[in-house]
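Read the structure below first, then the notes.
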Amino acid sequence: MERFDVVIIGSGAGGAPIAARLARAGHSVLVLEKGPLLRTQEEHPLGVSDFKRDELFATGAEKRLTLSGVANRFDSFYGSHVEPDLNDEPHIYEGADGLDRATIEGYTAQVVGGGTQLYGAVSLRFSELDLRLGSFNAGRNDIVGDPNGDVRREARDWPIDYATLEPYYCEAERLIGINGTRTNQGKPFSADHYQTPYAPNPISAYVATGMDALGLPRYRTPLAVITEDHAPSGRIVPAAAEAAKTGYVNRYGDPLGLKSNTWVALLRPLSGMANFTLRANCVVTHLEMAGDRIGKVVYRDVAGRPVEVAGKLVVVACSAIESVRLLLLSGERDPAFTARLNGNGLLGRYFLTHCFGGAEAIMPGRFDKSVSLDSDWATDACASEDFIRSQGLWAGGAIYNNTSDQALPISLARTHGSQDMDTIWQTFADDTALTGDALNAFFDANFGTRLSVSFMANQVPLFDNRIELHPSISDKWGRRVAYIRKTWHSHDVHLMNVFAEQCRRILAFGGDGGKGQFPVSEFGAIYMAANARARIANHILGGMRFGSDAADSVLDPNCRAWQFDNLYVTDGAFMPTSGGANPTLTIQANALRVADQLLARL
Amino acid sequence: MVPVLAVDSEYLFGLIGKFLARDDAGPRHDYGHLDADPRAGILEPWRFPWVDAVFDPDDATQPDNAVTFVHAAADRQPGHVVHLVGSFADLHTPIPLLPLVDTHYATVTLRIRKGEVHHYRLRIDGVWQVDPINPQRMLLDNGVEWSRFFTWGATRRLVLERWESRLLQRLCSHILPFHTADGETFFKRVHDAQGPANRAPHAYRLDESAGAVNFIDKLLAREEAHHLIDYQICLELIDRLLRLRNPVIEPWKLPREVFAELYREMATASVAGWNYGRYGNPRYFLQLLRRHTLTGVFSHPRYGGNAMTLGWKYLEERYRDASGATLFDWGRAIEAPLGRNSAYRG
Ligand SMILES: Cc1cc2nc3c(=O)[nH]c(=O)nc-3n(C[C@H](O)[C@H](O)[C@H](O)COP(=O)(O)OP(=O)(O)OC[C@H]3O[C@@H](n4cnc5c(N)ncnc54)[C@H](O)[C@@H]3O)c2cc1C
């Protein structure tokens, strides 16, 4: 059996920073990644990238669900080239009607780099308050929509504070390569490593106007896209001005490697090192224990053959749902494993995503939205204690505009009336009146005119929101699939309404130069969607929360499983609360923090 | 001699793991069109042979694709000997597929022109046969079955009959905006802008669907082969119905209003004279057609639609600011020679 100092499972936001740190320190590192290595054009033997500026890469041909035992059997679905196929490896969720359905929600991307290959690259920090919501809410009795005191009971402080995490935010921002501005952010910064942002898309001026009119301090949304040469990763920005601004951003891999996914930013620079090994197309099927240690990591290689490896340290970073699943599956084979990992029954519990939603309107004028990155302006105004208390909320969140959404013609049509992968195309196909002149009118009204403002806010952690193994459905390897069971709390609904209204106001004030009367017909939040229970916003968090009390958490403050000497979990699963912002930068910063702990052990 | 391209195992692994590697060979991917065929146990078998771009530094027209043939030994043992012959090369000189590291896979990557349709066979353990993975097959005139593939932008009709594609063109053009007054002006201008020598092929000039029908033909030949049956049945029903309504004129030559009326009826799922016993819901077919048509006309031309990037150009021209600058500058992001991005190669 091959042995390494560290075996890391998953090459995305939670895994790659640790690999980079430990390999650079000279330790032998193996990264096992289920997905393929898809490369930029400069690294590729054919001189072209595996990622393309091609709308059918983000959402491809129609397929049909054939799984038995799900209510959406025979329904259509549309995959991308880097998401798992639903018939081979679905996630199943329990709908409000009690029926099970397969969904693509809860997967980011399965490729070297994980979700960071496809992400919108919005790279916000969490606020200082996000990490101490337990103490902030203790004793409060002004929380709206919380008749049973769930919020007070379930809110938790993180076992680390913002000051502990802050240097790692700085380090992550430097290593990953992020553009943005610091002024007006509601979060303390000890160093500014941002690259200079590109000029915003002109349509975003409405958002700037709206935020200004409402007195919401705004800053350029930090985006993990390099705009200047980036020394830590050795990346060079091509001469073509603003080459990354294309509209092929969110849900697209970047053929030029300017988006700072964890492959180009962190792992590729290690490629020549003899102590670093990356094995793509290898799916870890389970872990085996030996005493209080993980003794073996068992995976299938590209040809499907089982292989065993060992690591002094084992880091699981498969993205929260898949990490929970991997550990539940390992426990199924060995009751002693379960006893050690899940003595308190919290494994898979307190699964989280974000409260999310926003507002959208057709703005005056038309703009070329295909010249854009994912977002231009953000505000932390709704993360302040004043705001939170004034609205009877338990926590805050971030608000930012989306610039690249619906920027391209097929995406405009296929997301007409639908926002998620499970219902894409339905409305356009259904709206049979859109032909000829009416189709012209549809494009006239919507193409380059739509602007949306989104929020990402904390979701109340609930014991019953959980990841289990589905009782009957298995993947192509015969491994039971993840079963997502969650609802939204009544306070989440209140919070989402408050935030949706803020987003609406930004557009209402932005659209008419500050008077606030501009019509905004679409605003709301995810709890209203027909498949609201499935929806995860690509933010897959919790399920193995860390804490300082072994009875109340799955991981210790260093993200080590309490009863295992060498098992760490560093994807979004560790979060006890979901934070008031998109999570990836925090996952990366925390992974760098854990890496320092691991360095001290090796 | 067809050139063999050097690719590395990382590239080849990426074509294989997600799609071919598995324990459960059950028919997870049979959408009702593959029956008991073992290919129903493979994810997206239509991807094989894998047709990719290849960058040619010496030819700005980027004329070729990289086509990778993959054989997976049924017994999962390494060391099977596999050869390939095909219409892209001399049929008497088998091309070897080489073992992929120590796996049971064998592969070869060939440089083949874009816009072509080819047939090929494999010699597996000494026996010539069709490719066991690729669902695309065709009968040659001598009755022998071969495997088939096509490269980017191919325009030869593959699965639709001539009459079917003519009828389909009328339905697609009804959905698309090009038969409107605006659309016609646009088409005329694009056409006139081409010098006589560069003028678009006749087919495109008249094709108000801007390649959507060709896109659909290719989609039904490959990714969405499970929908071919919908088209075959519905086009036949439509043909019959239009002949009943207008006995003297060929259906595809009927005036616009006839198609507009048919479309309206299909949208309400109540079509006079429709054979509901054969196809229960004409509206379902219309929805399918809407998705396919729109995708065809605005997707990258590699898929066979958006002929001469007419779909993109239509929006480029239609949306301009006060100074005349376009508000859909698609060419900025897209590779040459279609677009003008200097960094991105497609
Ligand atoms: C379209 C999209 C847009 C997004 N936009 C943003 C954004 O703007 N800002 C933001 O902060 N976040 C965004 N996200 C979310 C972001 O991608 C995730 O938060 C982040 O990638 C999570 O990191 P992770 O380490 O938990 O998981 P991932 O980055 O997903 O990495 C997990 C990796 O583990 C691998 N893996 C899983 N199971 C196994 C196994 N059994 N064996 C081996 N490998 C395995 C997976 O293939 C994957 O590569 C977006 C996501 C998507 C899909």
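Model label points for A:Glu501 and A:Ser271, set 7 angstrom from Cα along the Cα-to-Cβ axis, are 5.3 nm apart. Beta bridges from DSSP with both residues in the protein assembly as shown: antiparallel share about 80 percent, rounded to the nearest 5.
Summed over qualifying helices (DSSP H, 4 residues or more, each -39500 (n - 2.57)) and divided by its residue number, chain A shows a 222 nm mean residue ellipticity of -6500 deg cm²/dmol. Computed over chain A, the alpha-carbon pair-distance distribution with 10 angstrom bins reads 3, 18, 30, 29, 16, 4, 0, 0, each value a whole percent. The sum of -39500 (n - 2.57) across all DSSP H runs of n ≥ 4, divided by the residue count of chain B, sets its helix-only mean residue ellipticity at 222 nm to -10000 deg cm²/dmol.
Annotation: average projected area of the stretch B:9-150 is 9.9 square nanometres, based on the convex hull of Cα atoms across all directions.
Cβ under 14 Å from B:Ala106's Cβ, B:Ala106 left aside: what net charge do those residues give with Lys, Arg +1 and Asp, Glu -1? Surrounding charge for B:Ala106 is -2. What percent does the relative contact order of the stretch B:9-150 come to when contacts are Cα pairs within less than 8 Å and at least six residues apart? Relative contact order for the stretch B:9-150 comes out at 20 percent. Can you give me the angle between helix A:584-601 and the longest principal axis of chain A, using Cα atoms only, in degrees from 0 to 90, rounded to the nearest 10? The angle comes out at about 20 degrees. With K and R counted +1 and D and E -1, the other residues having a Cβ less than 15 Å from that of A:Ser28 yield a net charge of +4. For the stretch A:413-567, a simple Cβ point-charge model (Lys and Arg +1, Asp and Glu -1, everything else neutral) yields a dipole of about 240 debye relative to the Cα centre.
Using the Cβ of A:Ala508 as centre and a radius below 13 Å, the other residues enclosed give a net charge of -1, where K and R count +1 and D and E count -1. Against the main long axis of the alpha-carbon atoms of chain A, helix A:436-446 sits at an angle near 80°.
Which pairs in the list A:Lys245/B:Lys218; A:Lys63/B:Lys188; A:Lys34/A:Lys312; A:Lys52/B:Lys18; A:Lys63/A:Lys245 are over 28 Å apart, alpha-carbon to alpha-carbon?
In this structure, A:Lys245/B:Lys218; A:Lys63/B:Lys188; A:Lys63/A:Lys245 lie more than 28 Å apart at Cα.
Computed from Cα atoms, the angle from the helix A:490-511 axis to the main principal axis of chain A rounds to 40 degrees. Once C-alpha pairs closer than 8 Å and six or more residues apart are averaged by separation and normalised to the residue number of the stretch B:162-332, the relative contact order reads 27 percent. Convex hull of alpha carbon positions in the stretch A:491-579: directionally averaged projected area 8.3 nm². Placing a pseudo-label 7 Å from each Cα along the Cα-to-Cβ vector at A:Leu602 and A:Asp97 gives an inter-label distance of 5.2 nm. Think of the protein assembly as shown as a dipole: +1 on every Lys or Arg Cβ, -1 on every Asp or Glu Cβ, centred on the Cα centre; then among A:Thr59, A:Phe455, A:Ser135, A:Thr59 lies furthest on the positive end. Ordered by the number of other Cβ atoms lying within 10 Å of each residue's own Cβ, fewest first, A:Ile294, A:Ile506, B:Ile229 fall into the sequence B:Ile229, A:Ile294, A:Ile506.
Residues in the stretch B:145-162, backbone N under 16 Å from the label point at B:Arg137 (7 Å along the Cα-to-beta-carbon vector): list them, ranges by number please. Counting only backbone N, you get B:145-149.
Put in line by how crowded their Cβ is, counting other Cβ atoms within 10 Å and starting with the fewest, A:Asp431, A:Asp368 read A:Asp431, A:Asp368.
Of A:Thr432, B:Thr68, B:Thr268, the sequence from fewest to most neighbouring Cβ atoms within 10 angstrom is B:Thr268, A:Thr432, B:Thr68.
Once you keep just the Cα pairs under 8 angstrom separated by 6 or more residues, what percentage relative contact order results for chain A? The value is 23 percent.
Calculate, in whole percent, how much of the Cα-Cα pair population of chain B lies beyond 28 Å.
Roughly 51 percent, rounded to a whole number.
Sorted from greatest to least, the principal axis extents spanned by the alpha carbons of the stretch B:61-100 come out as 42, 24, 13 Å. Comparing mean-square fluctuations of B:Arg166, B:Arg157, B:Arg332 from a GNM of chain B with C-alpha springs under 10 Å, the top value falls on B:Arg332.
A short reminder: the numbers here are calculations on the coordinates, not readings from a lab. All values derive from a computational prediction rather than experimental measurement. All Cβ positions, glycine included, derive from the backbone under ideal geometry; neighbour counts span all protein chains shown.
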